[in-house]
Amino acid sequence: MTGNSPSASGYPASEPFPAEPFGGEVLTIGVSVSVPEPYGSAVQDARAGHGDPLARSIPTHVTLLPPTEVAAADLPKIEEHLATVARAHRPFRMLLQGSGTFRPVSPVVFVRVEEGAQECRLLEADIRSGPLARELAFPYHPHVTVAHGLPDDVLDRAFEQARGFRAAFPVPGFSLSRFDEDEVWRPWRAYDFS
């Protein structure tokens, strides 16, 4: 990551957070593997087609750190932590294929991570340590959400339609995202693997 040139993930590699991000002392961040085009838009279109109100406010991704509130003052050490994690990992191949669900525990339908799941688990454990150490409500399970919080018949339809989804792509790194005041998630900084 050098200068302000885009990283392999396509996001600015070294643009710092503003001194007082988003007008507050606390902000919500997340860390994820971005699903590239054309697959990302295909999943967003499917979510929108199912009536998911979050379809356009969340870029298609595999979560590595769920929404987490942090103090703005902690951002420098968080960024250094993420850079250290990225340097310790290598690029890998991801294959998304077929459908799954967390029902009845949670009303979520997703596309399965068939290849790259183990790499995501190792990344998630490393990221969710140090300044980002936190407990999770559920055990970590890498996936790509295609429907969330919708009626059962819609979730059933989403499950059937996602069965035929398939996407394979290289994963060169991960992204730190922020949750803005307009309730949209935006990738903020990319961390490329060694």
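The values are calculated or read from the model by the stated rules, or taken from the named source; none is laboratory data. From a predicted model like this one, the values you see are computed outputs, not experimental measurements. Every residue, glycine as well, gets a Cβ built from its backbone with ideal geometry; the counts of neighbours run over all protein chains shown.
Values for this structure:
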read-out: Inter-residue pairs, beta-carbon under 8 Å, first over 21 Å from ASP153 (Cβ atoms) and in the stretch 33-51, second hydroxyl-bearing (Ser, Thr, Tyr) and part of a helix (DSSP H, G or I), 6+ apart; value: none
read-out: Every residue from the stretch 162-194 that is at pLDDT 95 or above and among the hydroxyl-bearing types (Ser, Thr, Tyr); value: SER175, SER177, TYR191
read-out: Residue match in the stretch 132-139 (condition: among the acidic types (Asp, Glu) and closer than 19 Å to ASP52 by Cα); value: no
read-out: Count - residues of the stretch 142-151 that are in contact (Cβ under 8 Å) with a residue 24 or more places away in the chain and surrounded by fewer than 16 Cβ atoms within 10 Å (Cβ to Cβ); value: 1
read-out: Single residue of the stretch 52-93 satisfying the filter (without any contact (Cβ under 8 Å) to a residue 40 or more places away in the chain and not charged (D, E, K, R)) that is farthest from PRO131 (Cα to Cα); value: PRO53
read-out: Total residues in the stretch 56-74, condition more than 16 Å from ASP180 (Cα to Cα) and out of contact with any Cys (no Cβ under 7 Å at 6 or more places or on another chain); value: 6
